Amino acid sequence: MLARLERLLLDLAVIAVIGLGLLITLSVILRATLNSGIPDTVVMVTELMVAAIVLPLAATTAARAHIVVEFVSNYLPWRAQDWLVVFGSAVGLAALAPLIWAGWREALHVIESGSFFFGQLSLPKWPGRVIFLFGISFCWIRLAVMMLGDIAAIRAGRPVIERAPHIPQEEI
Amino acid sequence: ETRLFFGEAGPNRGARAETLNWFVDDVARRTEGQLVFDIQWGGALFKAGAAAQSIADSVADAGTIIAVYFPQEMVAYGVADLPIKNSDAWVGLRATDELMRGSDAIKQNLADQNLVYIGTFTTSAVHIGCKGTAIRSVDEIEGKKVRGVGAYGKTFADFGANLVSMSIYDAYQGLDSGLIDCSQGYSYAVAALKQQEVMDSYTLLDWGQVGALGVFMNKQSYDALDDAQKEALAASGAGMADKMAELITADNEAAIETMKEAGVEIIELPEAERDRLVERSSSYIDEWVAQADAAGLDGAGLLEEYRGLLEKYGQERDAEGYPWTRN
Amino acid sequence: MDGTLVGLVAFAAVIGLLALRVPIAFALAGVASVGTFVIFAFRTGAFAPERAFRPTSSLVFSNSFDLIHSYDLSMIPLFVALGHIAYKADITTAIYHAARVWLVKVPGGVAMASVLGCGGFSAITGSSIACASTMGRICSPEMLRLGYDKRLATASVAAGGTLGSLIPPSVLFIIYGIFTETSISKLFLAGVIPGLISLAGFLIVIFVWVKRDPAAAPAFTGVITAREKARAALDSWPAVALFVIIVGGIYGGIFTATEAAAVCVSAAVIIGFAQRKLTFRALWEALRETCIQTTSIFLIAAGAKIFVAFIALTGVAPDIVTAVTEAQLSAPLLLAAIAVIYLLLGMFLDPIGIMVLTLPLMVPLVETYGFDLIWFGVVVIKLLEIGLITPPVGLNVFVIAGVVGKEVPIDRIFSGILRFLSIDVLVLVLIMSFPVLSLLLPATM
Ligand code: NA
Ligand code: NA
């Protein structure tokens, strides 16, 4: 269920990237050939950027694609490393929490006040804010589920991170 | 001593920074060092697009808000960005400041957003510079690729310009490479960004200003001050308009000289042509009135008041000259 | 509450959390949030946590949202996509094959070609991160496939990416120009020679590396005929075409540097389909990979941005500059002190953040010493570029790590970076000692 939703969000982000690429290309072509353009391209691209960057957060989390430094932890026993993964998720949950609360307040604010962007189309500000809130919240849930799963795995004696054989350190 | 944090999205150079520093020094002088500001330049705390919310939430006690980023929240202030015929910086600044300071409706509208108005320091009159071409009449706007902003840009589009979005900092390369034919701008900014190197003509429009840019405070931070401090803020805030006008008027004149030396043709748009711009852009003024009404303000009334203030300060200037030229 | 103390504790906390394997983005955002909360809670003197929630959440939100909500940065996902699509469409493999057969006699020829590619790409993008993301996706996997030493295959591109801001166009020079009111076109010209010297330095590092350890870059052992060489060159036409489109488009006034990314992706897709090397399925997969990679880079950048805002609140940066001002150093010592400050800040903060925090105070200081601001700009940008590849927070290294995934751990990349850093320090000393290197070209204007 979670995995399918993540895939869906990732695909929506792909559509956002395609959208902003096409939008910019089209406006270049229109300018170069017909000396015309698409109004408020900049606003639409910035809103699509939010979707492109924030919607894949949960999938990135699930793929354990957040970049970490393993230089020190590599010297620790496997079990300790597994617990560090749990610790990293806990820090992540704490770090994302203020963003969710702030994102909620901001989304509510722009919806209630009817804020819009200055431009030819006066596009509303809420879509980007709502997508941001949604993406971060979903990432938070994914991280929480993963952390609980990792704890359960450690308790059951299963590994959390791959037990790759230690690579001998080459000289620097 | 009360130390207030101030968030400013711009750099600590140029007329705007000089005016802000003057304001800070003036407040300190009036309060005998009891009220001091600690300025964070360059958007280190928040960018221009987040200023209103950040000040309201007291990320900083005070800061600069540029109305164009908040067409809804700063609708009243936006009157200073409208194409209302006036190209005199001092007249525009004083009129804007008095409107913002005097209107109870605006005060209440800002208080609802947890904000208090302190003072205005605008950019200035809108003109347009071109490369390889020139705008001598309104008809010549048609078919040109123009970097335009606000209601001015919309009006250029109405006259057949192809609006190209780019920042004022990218305009140099845009003009140089031929990506754009013309760029809307302010005289002092043309010189500051060395655009005279890539311009062949500069048309003085005498059309209006972009002026809704000023200092606001968090309401709690403001309410916590004593009366003497509030008075000092009001006096220094109002003084900013004079200070900024003095600096910007000199800068703009110097910039025109720089352009002439660089071989840029300075064109004054004929009065009849200018009237066509004013007439066409009036629909955006009507649009603004509707937006202000929707926000619970009396749009037509504010506009009327603003026009009256422009008139009043125009007469004061004609009769007595600028404050800095009076002895 | 002493802001500087809070700031220093925060730097230590970030190092500690990173050592404990906490994802970099979470470490930066988490520490910055807590630190911001502490500062807001103590702002009136007494501890008042109830007054800290709103400003903290507002600061955290606006700094992360505004970073993502950016038109200019749209070039990053698009250039990353270009790398992925060009790979799937065999465009990159073709150019690597060409580089390999043509540079067969040159030790580490493909790594050198990668660095030269970075130099060429720098001429079309103003962002080091965009440069490293695109070239990283194109170069590192190919070098790994050819059996190159993992450190060489990754570090060369991470270092090469730092040319992005030294060789014009350059976002960092634009921001520096705004802060110092110096001519942006002069700054652009000033960066050219130091950029080329840096490029030459990287080539020397690769040359020495492979000379001392030939196994680091397996040489091509087969016999290559002139016919094969010609064939390889012809096959690499799509890459050449893309480059011509970008350069011609930007300098010919058809599109901006930001728009170039989108146009180039569209062109790559068309070429890929026309050559029947790209399928819809492969394109979609390339874009999924693009999204995952871009997201992890942006999450770190957002964490770094929040951290910058927090550091602004602490007042650490002005305190440091004030200390240097009061020390009344001689000019060479001042320059050395500035270098140390920027390198230290560069360990943690992003280049733009460092500039907005330090320049307002630094520029008046160096002006009293009579330094040329154009030359000083080149020195600052070079220092900031070095910061992109120094541990613990080296954005360019993270970008490459995001590309190669689990195959090459971060510390391996950093260990390869050390050799490039040593030459960077030499180049820096050169730029500092001989201002003429920076000022020669602007003087022709
Ligand atoms: Na560049
Ligand atoms: Na670093």
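Rundown of residues vs (1) modelled with pLDDT under 90; (2) more than 14 Å from chain C (Cβ to nearest Cβ); (3) more than 29 Å from A:LEU121 (Cα to Cα), yes/no style:
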| position | (1), (2), (3) |
| --- | --- |
| B:ILE135 | no, yes, no |
| B:ARG147 | no, no, no |
| B:PHE156 | no, yes, no |
| B:CYS182 | no, no, no |
| B:GLY214 | no, yes, no |
| B:ALA228 | no, yes, yes |
| B:ALA232 | no, yes, yes |
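Annotation note: Cβ proximity below 6 Å between a residue of region C:285-304 that is more than 9 Å from chain A (Cβ to nearest Cβ) and a residue that is not in a helix (DSSP H, G or I) (sequence gap 6+ or interchain) occurs for C:ALA304/C:ASP350. Checked against (1) open to solvent by 40 Å² or more (accessible area, probe 1.4 Å); (2) in contact with a Ser or Thr (Cβ under 6 Å, 6 or more places away or on another chain), C:SER156 meets all criteria but (1). When the residues of region C:231-249 are narrowed to those that are open to solvent by 40 Å² or more (accessible area, probe 1.4 Å) and among the β-branched types (Val, Ile, Thr), which ends up farthest from B:LEU179 (Cα to Cα)? This residue is C:VAL240. Among the residues making up region B:268-305, a single one is surrounded by fewer than 18 Cβ atoms within 10 Å (Cβ to Cβ) and in contact with a strand residue (DSSP E or B) (Cβ under 8 Å, 6 or more places away or on another chain): B:GLU268. Candidates in region C:176-208 are the residues that are within 18 Å of the chain's Cα centre (by Cα), surrounded by 22 or more Cβ atoms within 10 Å (Cβ to Cβ) and away from ligand 1 (no atom under 13 Å from the Cβ); of these, the one that is farthest from the other protein chains (Cβ to nearest Cβ) is C:PHE202. Suppose we keep only residues that are open to solvent by 60 Å² or more (accessible area, probe 1.4 Å) and closer than 19 Å to A:LEU48 by Cβ within region A:1-17. Which one would you say is farthest from the other protein chains (Cβ to nearest Cβ)? The qualifying residue farthest from the other protein chains (Cβ to nearest Cβ) is A:LEU8. For C:ASP149, the criteria (1) closer than 20 Å to C:ALA239 by Cα; (2) over 11 Å from the mean Cα position of the chain (by Cα) hold in every case but one, which is (1). Using the structure shown, decide if C:ALA32 is aliphatic (A, V, I, L, M) and either outside any helix (DSSP H, G or I) or closer than 29 Å to C:THR134 by Cα (or both). So C:ALA32 does not fit the description; no.
Can you go through C:LEU344, C:LEU334 and tell me which one is in a helix (DSSP H, G or I), over 25 Å from C:PRO442 (Cβ atoms) and either touching a Cys at 6+ places or on another chain (Cβ under 8 Å) or not acidic (Asp, Glu) (or both)?
Values: C:LEU334 fails: over 25 Å from C:PRO442 (Cβ atoms).
From the options C:LEU344, C:LEU334, the qualifying one is C:LEU344.
Being more than 14 Å from chain B (Cβ to nearest Cβ) and within 16 Å of ligand 1 (Cβ to nearest atom) is a property that C:LEU344 lacks. Scanning region C:6-30 for residues that are more than 21 Å from C:PHE398 (Cβ to Cβ), in contact (Cβ under 8 Å) with a residue 40 or more places away in the chain and open to solvent by 10 Å² or more (accessible area, probe 1.4 Å) gives C:VAL6, C:LEU8. Within region B:144-167, the residues that satisfy the criterion of being open to solvent by less than 40 Å² (accessible area, probe 1.4 Å), within 30 Å of C:GLY248 (Cβ to Cβ) and not in a strand (DSSP E or B) are B:LYS144, B:GLY148, B:GLY153, B:PHE156, B:ALA157, B:GLY160, B:ALA161, B:VAL164, B:MET166.
Could you list, in sequence order, the residues of region C:270-299 that are β-branched (Val, Ile, Thr) and closer than 11 Å to C:HIS84 by Cα? Let's see the steps before the verdict.
Within region C:270-299, the first condition is being β-branched (Val, Ile, Thr), and the residues that meet it are C:270-271, C:279, C:290, C:292, C:294-295, C:297.
Selection gives C:THR290 alone.
Kindly check whether there is at least one residue in region C:320-331 that is open to solvent by 20 Å² or more (accessible area, probe 1.4 Å), touching a residue at least 24 places away in the same chain (Cβ under 8 Å), more than 16 Å from ligand 2 (Cβ to nearest atom) and within 14 Å of chain B (Cβ to nearest Cβ). Scanning region C:320-331, I find at least one residue that is open to solvent by 20 Å² or more (accessible area, probe 1.4 Å), touching a residue at least 24 places away in the same chain (Cβ under 8 Å), more than 16 Å from ligand 2 (Cβ to nearest atom) and within 14 Å of chain B (Cβ to nearest Cβ), so the answer is yes.
Those helices (runs of 4 or more DSSP H) of region C:351-445 in which at least 3 residues are under 16 Å from the mean Cα position of the chain (by Cα) and more than 14 Å from chain B (Cβ to nearest Cβ), considering only elements entirely within it, cover C:373-387, C:395-404, C:410-433.
Applying the criterion of being crowded, with 24+ Cβ neighbours inside 10 Å and outside any helix (DSSP H, G or I) to the residues of region C:86-123, the residue that is farthest from the chain's Cα centre (by Cα) is C:ALA89.
Of all the residues that make up region C:147-173, how many are within 14 Å of another protein chain (Cβ to nearest Cβ) and within 7 Å of ligand 1 (Cβ to nearest atom)? Let's see the steps before the verdict.
At the first step, the residues of region C:147-173 found to be within 14 Å of another protein chain (Cβ to nearest Cβ) are C:148-155, C:158, C:168-173.
Restricting the remaining residues to those that are within 7 Å of ligand 1 (Cβ to nearest atom) gives C:168-170.
Number satisfying all stated conditions: 3.
Yes or no: region C:365-381 includes at least one residue that is within 16 Å of ligand 2 (Cβ to nearest atom) and in contact with a helix residue (DSSP H, G or I) (Cβ under 9 Å, 6 or more places away or on another chain). Yes - at least one qualifying residue is present in region C:365-381.
Only one entry in B:ALA272, B:ALA292 is under 18 Å from B:LYS85 (Cα atoms) and in a helix (DSSP H, G or I), namely B:ALA272. Here C:ALA312 qualifies as crowded, with 21+ Cβ neighbours inside 10 Å, in contact with a strand residue (DSSP E or B) (Cβ under 7 Å, 6 or more places away or on another chain) and in a helix (DSSP H, G or I). Would you confirm whether or not region B:229-246 contains a residue that is without any contact (Cβ under 8 Å) to a residue 24 or more places away in the chain and over 23 Å from B:PHE6 (Cβ atoms)? No, because not a single residue in region B:229-246 is without any contact (Cβ under 8 Å) to a residue 24 or more places away in the chain and over 23 Å from B:PHE6 (Cβ atoms). Considering only residues that are aliphatic (A, V, I, L, M), open to solvent by 60 Å² or more (accessible area, probe 1.4 Å) and touching a residue at least 60 places away in the same chain (Cβ under 8 Å), which ones fall in region C:209-230? The answer is C:ALA215, C:ALA219.
Given the options C:SER64, C:SER33, name the one that is facing chain A (nearest Cβ under 8 Å), open to solvent by less than 30 Å² (accessible area, probe 1.4 Å), more than 21 Å from the chain's Cα centre (by Cα) and at pLDDT 90 or above.
On the way: C:SER64 fails: more than 21 Å from the chain's Cα centre (by Cα).
Just a single option satisfies the conditions, and that option is C:SER33.
Consider region C:132-142 and keep the residues that are surrounded by 24 or more Cβ atoms within 10 Å (Cβ to Cβ) and farther than 20 Å from C:ALA241 by Cβ. The one that is nearest to ligand 1 (Cβ to nearest atom) is C:ALA132. Under the condition of being more than 16 Å from ligand 1 (Cβ to nearest atom) and open to solvent by 10 Å² or more (accessible area, probe 1.4 Å), the residues counted in region C:350-377 number 16.
Could you go through region C:220-231 and let me know if any residue there is of a type in the set (Val, Ile, Thr) and either closer than 30 Å to B:TYR188 by Cα or within 16 Å of ligand 2 (Cβ to nearest atom) (or both).
Within region C:220-231, the first condition is being of a type in the set (Val, Ile, Thr), and the residues that meet it are C:221, C:223-225.
Checking which are either closer than 30 Å to B:TYR188 by Cα or within 16 Å of ligand 2 (Cβ to nearest atom) (or both) leaves us with none.
No, the conditions are met nowhere in region C:220-231.
The values are calculated or read from the model by the stated rules, or taken from the named source; none is laboratory data. Only a predicted model underlies this, so the values are computations on that prediction, with no experimental measurement involved. Here the Cβ is made from the backbone with ideal geometry for all residues, glycine too, and neighbour counts use every protein chain on show. Calculation scope for accessible area: heavy atoms of the full protein, side chains included, ligands and nucleic acids excluded. Shrake-Rupley method; radii C 1.70, N 1.55, O 1.52, S 1.80 Å.
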